[in-house]
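A short worksheet on the structure shown next.
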Amino acid sequence: QDRLARTMRMNRTQFRRRTGVYPETFAEMEAVLAEREAQKKKSGRPAALSVAEQLLLTLEFWREYRTFAHLGDDWGVHETTVHRTVERVEAALIANPQFQMPKQRVFREAQIVYSIVAVDASEVPCERPKKTASLVQRQEKAAHPEVSGADLYRHPAHPEHGDECWNSPRSEVVSSV
């Protein structure tokens with residue numbers, strides 16, 4: 001009750017900022033929900049929240065996208081109750097023609113002219129400074145002058161194979177004695 005009362009005391013701009021709708025729209029939504037509640041054939045167990053509180057809870061969910069658990073903690077109800085409430089309010093508002101989106105033919109009849117702006121985002125080669133042959137040769141010489149690629153796999157000499165034995169990473173020379 002306190003939460004609803006505080007929200008209803010807000011001025012028009014604050015109310016819109018908090019709920020996402022103006023107070024007049026809130027009142028229309030509340031009237032739709034109250035009418036739907038009155039049309040129930042079986043009343044069942046009374047709801048923990050009033051119709052206005054259920055609507056405010058749903059608007060908070062839509063506005064802030066908080067979890068049902070957080071909303072349930074704030075409103076003093078279980079998260080499944082929040083979930084059921086949001087679904088029920090959404091269904092009631094969607095079923096009412098006052099809150100439905102206009103049909104497709106309404107858009108066709110309006111004959112709204114749209115302008116389309118196309119942006120060409122195709123790949124274009126970047127302009128980069130060209131590497132000269134002398135620069136490339138200088139970089140190769142400066143890389144590792146003391147170690148060549150072949151020296152990485154050189155092993156000490158085996159007496160059977162002469163001065164040196166070369167091993168590649170995939171094959172090794174095996175001596176038979």
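Among the residues that make up the stretch 12-25, is at least one of them surrounded by 14 or more Cβ atoms within 10 Å (Cβ to Cβ), touching a residue at least 60 places away in the same chain (Cβ under 8 Å) and in contact with a Leu (Cβ under 6 Å, 6 or more places away or on another chain)? Within the stretch 12-25, none of the residues are surrounded by 14 or more Cβ atoms within 10 Å (Cβ to Cβ), touching a residue at least 60 places away in the same chain (Cβ under 8 Å) and in contact with a Leu (Cβ under 6 Å, 6 or more places away or on another chain). Among the residues making up the stretch 10-34, those that are not small (Gly, Ala, Ser) and not in a helix (DSSP H, G or I) are Met10, Asn11, Val21, Tyr22.
Filtered by the rule that a residue be within 25 Å of the chain's Cα centre (by Cα) and surrounded by 13 or more Cβ atoms within 10 Å (Cβ to Cβ), the stretch 75-86 gives Glu79, Val82, His83, Arg84, Thr85, Val86. In the set (1) open to solvent by less than 60 Å² (accessible area, probe 1.4 Å); (2) assigned to a helix (DSSP H, G or I), Glu37 fails one condition alone, (1). Mind checking whether some residue in the stretch 46-62 is at pLDDT below 90 and either in a helix (DSSP H, G or I) or open to solvent by 90 Å² or more (accessible area, probe 1.4 Å) (or both)? Within the stretch 46-62, one or more residues are at pLDDT below 90 and either in a helix (DSSP H, G or I) or open to solvent by 90 Å² or more (accessible area, probe 1.4 Å) (or both). Could you grab me the full set of residues in the stretch 26-60 that are within 28 Å of the chain's Cα centre (by Cα) and either without any contact (Cβ under 8 Å) to a residue 12 or more places away in the chain or over 16 Å from Arg88 (Cα atoms) (or both)? Within the stretch 26-60, no residue meets the criteria.
The values are calculated or read from the model by the stated rules, or taken from the named source; none is laboratory data. Not measured: the values here are computed from a predicted model. Virtual Cβ from ideal backbone geometry, glycine too; neighbours counted across all protein chains shown. With ligands, DNA and RNA removed, areas are computed over all heavy atoms of the protein, side chains included. Shrake-Rupley method; radii C 1.70, N 1.55, O 1.52, S 1.80 Å.
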